[in-house]
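Working notes, structure below.
The values are calculated or read from the model by the stated rules, or taken from the named source; none is laboratory data. Note that this is a predicted model, so its numbers are computed, not measured. So basically every Cβ, Gly included, is an ideal-geometry build from the backbone, and we count neighbours across all protein chains shown.
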Amino acid sequence: MTAAVPPNESASRDERPLVSIVLPAYNEAAILEPNLATLSEYLKTLEARYRFEIVIVNDGSRDATGQIAERAAGQRADVHVLHHPSNFGLGQALKFAFSHCRGDYVVVMDIDLSYSPDHIEKLLDKIRATKAKVVLASPYVEGGTIANVPWLRRVLSIGANRFLSMFARERYRTLVARGRLSTLTGMVRAYDGRFLRGLSPRAISMEINPEIIYKAMLLRARIEEVPARLDWELQNAKGKRKSSMKVLQHTLSVLLSGFIFRPFMFFILPGVALAVFALYCNVWMFIHFFEEYAKLTQYTWFMDRASFAVAAAYTRFPHTFGIGLLALMLAIQLIGLGVLAMQNKKYFEEIFYLVSVVYRQGLGKDEA
């Protein structure tokens, strides 16, 4: 026989899921207050279905971002502010926020509202309907759009996501609808809170977003996308906004993320290309050898004739022999490194999976 729940306790119990809204902020004093107000007003329209907490990470801002955020936290109990003494980068800011989030779901938004607040409902609806662990807001999926974004930022973003999609999709095509992801670098996402807290990302910069996708794939977690609109109209209306993306840093970050997804491809592809080139050179080596061999009729013993033929061919075409043999040697080394990288990746995946299972089991006991 179960004990009756006291009326006051039953009335106070709130079954609505708690959603943590994470807002990384660096030198955003000009837009933080009005955009936070816009976001808060939108969240009120979802209060019948969800409870919210807003976690702002002031990542070492040199302007008044921290003071404005603290003022907002003083006025509202659901706003929490975390401070970095210096700018540590997006990855460190997100990890800092994730470690303090209590939500059943965690939604990361950009404080500049380049993705409008209504994406929050789309992300939450998708993650609840599909039971996914990660849902991405993608302007590159069918139905998504991009507007008012500088051409350089647009080109880099599209190129980076296509590059990473190519490296990520083959092995894990069963984890996502359509068999591939269109956005791996985007920050605007919804996460299953418990899953995210057991993931332990390590990146400290922009590569944290592909890293989370990679680790989610290793754990065979379901990943979904919703069409999104990336629009800088609001920022441009307040003054011409320049892309803060550092081209070299972004390029290196994308290459590193691609290497994490498929490290062996960075060795095997160049190795195969060099092997094809070496084969071409070596064919000409044999052609030159047989040409010289046919001329040396004065030698009757095969080994004498072949030795002098090689010497004559090398004297006439030393670059063919040198480049061909060097390319062959490098090709063998690169392909060998690719095989070792593939083997090491398998070892890493097995260790990561086992450690994650143990960690999540311990985390589940703590939460219980």
Checking Ala93 against (1) touching a helix residue (DSSP H, G or I) at 6+ places or on another chain (Cβ under 7 Å); (2) in contact (Cβ under 8 Å) with a residue 60 or more places away in the chain; (3) assigned to a helix (DSSP H, G or I), which test does it fail?
(1)
Would you be able to say whether some residue in segment 122-135 is among the acidic types (Asp, Glu), touching a Ser or Thr at 6+ places or on another chain (Cβ under 9 Å) and over 15 Å from Leu23 (Cβ atoms)?
no
Which ones in segment 104-155 are modelled with pLDDT of 95 or more, in a helix (DSSP H, G or I) and in contact with a Phe, Trp or Tyr (Cβ under 9 Å, 6 or more places away or on another chain)?
Ile120, Glu121, Leu123, Leu124, Ile127, Arg128
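Going residue by residue through segment 194-217, is there one that turns out to be within 20 Å of Glu121 (Cβ to Cβ) and buried (at least 17 other Cβ atoms within 10 Å of the Cβ)? Write out each step before concluding.
Looking only at segment 194-217, we keep the residues that are within 20 Å of Glu121 (Cβ to Cβ), and these are 196.
Restricting the remaining residues to those that are buried (at least 17 other Cβ atoms within 10 Å of the Cβ) gives 196.
Yes.
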Is segment 263-272 home to any residue that is surrounded by 14 or more Cβ atoms within 10 Å (Cβ to Cβ), at pLDDT 90 or above, assigned to a helix (DSSP H, G or I) and not aliphatic (A, V, I, L, M)?
no
Which residue out of His100, His84, His80 is closer than 12 Å to Tyr26 by Cα and either of a type in the set (S, T, N, Q) or surrounded by fewer than 20 Cβ atoms within 10 Å (Cβ to Cβ) (or both)?
His84
Spot the failing condition for Ala312; the list is (1) under 30 Å from Ser165 (Cα atoms); (2) of a type in the set (Gly, Ala, Ser); (3) modelled with pLDDT of 85 or more, and only one is missed.
(1)
Give just the number: which of (1) over 12 Å from Ala190 (Cβ atoms); (2) surrounded by 21 or more Cβ atoms within 10 Å (Cβ to Cβ); (3) of a type outside the set (Ser, Thr, Tyr) does Val141 not satisfy?
(2)
Quick one: what pairs do we get from segment 318-334, first residue without any contact (Cβ under 8 Å) to a residue 60 or more places away in the chain and among the charged types (D, E, K, R), second surrounded by fewer than 17 Cβ atoms within 10 Å (Cβ to Cβ) and assigned to a helix (DSSP H, G or I), C-beta under 7 Å, 6+ apart or different chains?
none
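What about Leu46, is it surrounded by 14 or more Cβ atoms within 10 Å (Cβ to Cβ), of a type outside the set (D, E, K, R) and in a helix (DSSP H, G or I)? Reasoning before the result, please.
Details: surrounded by 14 or more Cβ atoms within 10 Å (Cβ to Cβ): yes; of a type outside the set (D, E, K, R): yes; in a helix (DSSP H, G or I): no.
Considered against the rule, which asks whether it is surrounded by 14 or more Cβ atoms within 10 Å (Cβ to Cβ), of a type outside the set (D, E, K, R) and in a helix (DSSP H, G or I), Leu46 comes out as no.
Here are Glu41, Glu33: which of them is in contact (Cβ under 8 Å) with a residue 12 or more places away in the chain and not aliphatic (A, V, I, L, M)? Give the steps one after another, and end with the answer.
Numbers: Glu41 fails: in contact (Cβ under 8 Å) with a residue 12 or more places away in the chain.
Just one listed residue meets the conditions, Glu33.
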Looking at segment 334-354, can you tell me whether even one residue there is more than 30 Å from Ile213 (Cβ to Cβ), modelled with pLDDT of 85 or more and either surrounded by 12 or more Cβ atoms within 10 Å (Cβ to Cβ) or of a type in the set (Lys, Arg) (or both)?
no
